[in-house]
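FYI, it's all coordinate maths here, none of it is from the lab. These numbers were taken from a predicted model, which means no experiment stands behind them. All Cβ positions, even for glycine, are placed from backbone atoms using ideal geometry, and neighbour counts span all protein chains on display.
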Amino acid sequence: MPEFTPRFTIDDIAVFPPPGYNLPSRFGFSLDGTRLMFLAGEGDDPTLKLHIWDAASGSPIAVIGAPAGGTREEDLTLEEELRRQRERNLSVGITRYSRAEASDRLLVPVGNALYVVDPGTTDLRLVTDRSGQPTLIDPKLSADGNWIAFVQDAEVYVVAAEGGEPQQITSAARGTGKTNGLAEYIAQEEMGRYDGYWWSPDSLQIAYTEVDETHIPVYRIMHQGKDELGDTAQEDHRYPLAGTANAIVRLGVLSREGGDPTWMDLDYGQEMYLARVFWWPDASLGAQVMDRAQSFIDLLRFDAATGQRSLVLHEEADTWVNLRRRHFMPLEQGGFLWASERDGFNHLYLYGPDGDLVRQLTRGEWVVDDILAVNEEAQAVFFSGNREHPTQAHVYSVGFDGEEITRLSPAGGTHAASIAPTFDRYVLIRSGLGAPPSATLHSMTERKTISIHQPTDPRLEPFDLQPPELVELTNRDGTTLHGAIYRPPADFGDGPFPVIVHVYGGPGPQMVTDSWRTTANLQLQYLRSLGYLVFRLDNRGSARRGRAFEGALKQRMGTVEVDDQVDGVRWLIKQGLADPERIGVTGWSYGGYMALMCLAKASDLFKVGVAGAPVTDWSGYDTCYTERYMGTPQENPDGYTAGNVLDLADQISGDLLIVHGMLDENVHFRHTARLINALNRARKRYDLLIFPDERHMPRREYDRVTLHERIIGFFQDHL
């Protein structure tokens with residue numbers, strides 16, 4: 001094989017963020033739209049600070065840093081670390097801020113201290129410092145900005161934004177194994193609900209969840225890499241396995257001053273998931289609940305004074321209900337917007353104050369991703385979706401009449417937006433295969449654009465990252481699949497090449513997109529520079545292609561996904577790009593599971609595999625995720641058996657590297673331990689890389705260096 005020197009080192013791969021991703025985040029506006037806020041570092045310093053700009057001129061007003069540097073990985077408590085794992089958050093400094101719904105007061109939490117930036121000012125003012133006490137979690141401003149609530153030691157507290165002593169308003173959870181005001185693990189990890197309490201629009205009441213997990217068996221994780229022993233070297237988790245009991249969740253409302261709560265009627269006579277909670281504009285409480293099988297979702301309205309519920313909307317799916325970040329928006333004038341896959345693709349529907357459908361606003365073989373904002377006065381909805389192409393994402397508007405869709409983002413690429421409450425300005429974030437992320441401020445009424453961020457990362461030019469080629473192919477069933485080819489440099493000729501398939505394969509993520517994220521994967525770029533052709537393919541089951549495409553894996557994970565990956569490799573061979581004797585596969589989490597299944601079910605094709613943090617037996621994963629796609633083990637024993645790696649261990653051949661963090665509280669190290677037993681029984685050879693102090697994804701830079709060294713070296717040695 002010819003020699004080619006990569007333009008960057010393995011150490012560079014481990015640096016966070018990747019090149020080009022020093023992009024500002026958490027864009028927001030003041031109520032009158034005149035001020036723009038966002039989080040960003042300064043120069044080469046990745047520590048995030050709060051930036052405030054004049055939105056009309058684009059002139060900076062202030063840059064606010066956190067006292068003592070703000071959040072740092074080494075200072076995190078266990079509660080903070082686990083919450084950041086759920087949020088996939090690696091940022092440091094000021095990592096979050098929020099504006100009150102009806103006030104320009106900003107809340108800036110830093111560790112166990114709460115600061116505010118008062119309207120018209122640019123200074124941090126300390127409200128309360130709870131240092132030395134249990135972790136302060138999920139602080140939020142009331143709608144009027146005059147109060148702050150937070151959770152500490154399993155109870156909800158409220159403190160005046162002007163300062164004073166915080167007052168505990170909930171009770172009966174601390175010391176019992178229950179929690180008040182905190183979202184349970186399943187809600188955070190599998191439903192994207194990170195909140196456990198919600199301020200009312202009048203700032204007088206708080207709705208909150210009481211979570212009881214005491215009946216769920218404890219899963220203990222030992223910190224084998226620690227010097228000390230005892231309680232600090234272990235952590236206990238209540239982890240509901242597929243087919244077993246979930247947490248018991250109640251929803252209550254009480255005064256911000258405390259007192260006895262009123263419990264909402266959530267009794268369905270069966271186990272349900274509390275997926276979303278919100279307040280309707282008329283101050284009644286709202287919720288979205290799903291059955292355990294996630295085959296239907298109900299939109300509810302509660303009388304906050306009595307707890308009595310009424311049904312607003314009932315939606316069923318023949319596969320499962322997909323929850324999105326914002327698939328619902330209540331309207332001040334009455335009625336609401338609802339996103340549904342009822343016609344096979346996720347689209348917008350307008351409902352009137354009586355709960356009756358007015359009309360469908362969008363339609364076609366493409367999907368709406370999120371509702372971004374609604375201008376009720378102009379009767380316009382702003383949303384994101386992939387109308388142009390499945391690999392792209394754009395920002396659009398559509399009127400309440402549903403007659404015309406207007407694209408606000410330029411052609412090609414991937415876009416997101418933050419829209420001012422006044423609807424006269426918006427921030428557009430754009431990236432593409434050949435375009436690192438940029439952010440621009442746009443006027444709705446004038447042809448005026450202000451640059452907020454342009455790619456200035458000093459690594460971009462020397463790294464010279466080459467965008468992959470996006471391709472389309474047809475699988476054995478005639479379904480069109482989208483792939484990405486990272487072709488080796490010209491020094492290696494025209495092929496065929498040794499191939500490494502980089503796979504995820506599970507429902508949810510989309511790996512092949514017209515975005516800089518696809519280009520800026522340095523591990524894949526490094527492998528490409530060594531002469532490997534790296535290939536990504538979004539198989540059936542992946543997101544943003546419609547209900548039938550995603551639902552193909554229902555009740556049978558580990559089947560159609562492998563078939564599609566095999567079809568992708570055979571397509572590469574047919575194109576003369578792949579050496580059929582030198583095919584490898586690598587993936588993490590579901591991708592680790594896929595790597596193992598490829599080695600077991602298509603060992604004639606895949607010769608080398610790297611499986612990172614793999615699920616090996618779906619009965620050992622959590623309830624909500626697993627049962628959404630597979631049902632329970634009791635309902636679908638054949639599907640669980642067919643998708644069980646442990647039962648296929650004797651069929652695994654080729655060279656295998658297994659990687660796992662021993663503190664993984666998502667895909668437990670138990671999955672790898674049981675796989676090792678199965679491989680040993682089958683007398684199979686394997687390599688093992690463990691990280692004693694890492695969770696589902698390595699966060700320490702030195703561990704990430706080791707990870708990439710071992711994976712890249714493994715392919716060099718065996719492929």
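Quick notes on this structure:
- GluC sites (Glu not before Pro) restricted to DSSP loop in the stretch 409-513 with at most 13 other C-beta within 10 Å: GLU446
- Amide H contacts under 5 Å for TYR97, placed H, 5+ residues apart: none
- Taking each of LYS574/LYS601; LYS178/LYS554; LYS226/LYS601; LYS49/LYS178 in turn, the alpha-carbon distance tops 30 angstrom for LYS178/LYS554; LYS226/LYS601; LYS49/LYS178.
- With a Förster radius of 41 Å applied to the beta-carbon distance between GLU404 and ALA490, the computed FRET efficiency rounds to 0.30.
- DSSP-defined antiparallel bridges as percent of all bridges, the chain, nearest 5: 85 percent
- Evaluating 6.51 cos²θ - 1.76 cosθ + 1.60 at θ = phi - 60° for every residue in the stretch 524-529, the Karplus couplings come out as 5, 5, 5, 4, 4, 5 Hz, glycine and proline recorded as x.
- Counting neighbouring beta carbons within 10 Å and listing from fewest to most, the residues VAL566, VAL218, VAL395 come out as VAL218, VAL566, VAL395.
- Under Karplus coefficients 6.51, -1.76 and 1.60, residue-wise ³J(HN,Hα) of the stretch 404-420 in Hz, glycine/proline x: 9, 9, 10, 8, 9, 9, x, 5, x, x, 10, 9, 9, 8, 10, 10, 5
- Under 13 Å, Cβ to Cβ, from SER409 - net charge with Lys/Arg +1 and Asp/Glu -1: 0
- Taking a point 7 Å out from the Cα of ARG325 in the direction of its Cβ, the residues of the stretch 430-444 whose backbone N falls within less than 15 Å of it are 430-431.
- Were the residues from GLU461 through GLN379 laid out at 0.36 nm apart, the gain over their Cα-Cα distance would be 25.0 nm.
- Kirkwood radius for the chain, taken over all pairs of different Cα atoms as the inverse mean of 1/r, rounds to 27.0 Å.
- The stretch 519-554 and the stretch 345-384: distance between their alpha carbon centers, rounded to Å: 30 Å
- Per-residue ellipticity at 222 nm computed for the chain from its helices equals -4500 deg cm²/dmol, with DSSP H segments shorter than 4 residues left out and the rest contributing -39,500 (n - 2.57).
- Long-range amide H partners of VAL615 with built H, under 5 Å: TYR593
- The ranking of CYS624, CYS598 from fewest to most other beta carbons within 10 Å of each one's beta carbon is CYS624, CYS598.
- Taking N as its residue count, the alpha carbon Rg of the stretch 464-535 over 2.2 N^0.38 Å: 1.14
- Distance between the 7 Å Cα→Cβ label points at ALA245 and ASP129: 4.4 nm.
- At 0.890 mPa s and 25 °C, Stokes diffusion of the stretch 429-561 via Kirkwood alpha-carbon radius, µm² per second: 145 µm²/s
- Note on the stretch 498-612: the alpha carbon radius of gyration divided by the globular reference 2.2 N^0.38 Å gives 1.01.
- Relative contact order (percent, whole number), the stretch 471-718, Cα cutoff 8 Å, 6+ residue spacing: 17 percent
- Remark: the stretch 471-718 projects, on average over all directions, an area of 12.9 nm² (convex hull of Cα atoms).
- Remark: spin-label model distance ALA293-ARG359 equals 3.6 nm, labels positioned 7 Å along the Cα→Cβ axis.
- For the stretch 108-215, chymotrypsin sites (Phe, Trp or Tyr not before Pro) are listed when DSSP marks them as loop and at most 13 other Cβ atoms sit within 10 Å of their Cβ; the list is empty.
- Contact order normalised by residue count of the chain, Cα under 8 Å, 6+ apart, percent: 10 percent
- Remark: spin-label model distance MET272-VAL218 equals 3.2 nm, labels positioned 7 Å along the Cα→Cβ axis.
- Annotation: amide H of LEU313 within the under-5 Å range of LEU299, sequence separation 5 or more or interchain, hydrogens built in the peptide plane.
- At R0 = 51 Å, FRET efficiency that the Cβ-Cβ distance of ILE573 and SER451 yields, to 0.05: 0.65
- Karplus-derived HN-Hα couplings along the stretch 630-642 (A = 6.51, B = -1.76, C = 1.60, θ = phi - 60°), whole Hz, x at Gly and Pro: 10, x, 8, x, 6, 7, 9, x, 5, x, 5, 5, 5
- Under Stokes-Einstein, with the Kirkwood radius over Cα pairs as Rh, the value for the stretch 361-480 at 10 °C and 1.306 mPa s is 98 µm²/s.
- Extension gain, ARG517 back to GLN167 (0.36 nm per residue minus Cα-Cα distance, nm): 121.5 nm
- Sorted by Cβ neighbour density within 10 Å, fewest at the top, the residues ILE485, ILE297: ILE485, ILE297
- Dipole moment magnitude, nearest 20 debye, the chain about Cα centre, only Lys, Arg, Asp, Glu C-beta charged: 1280 debye
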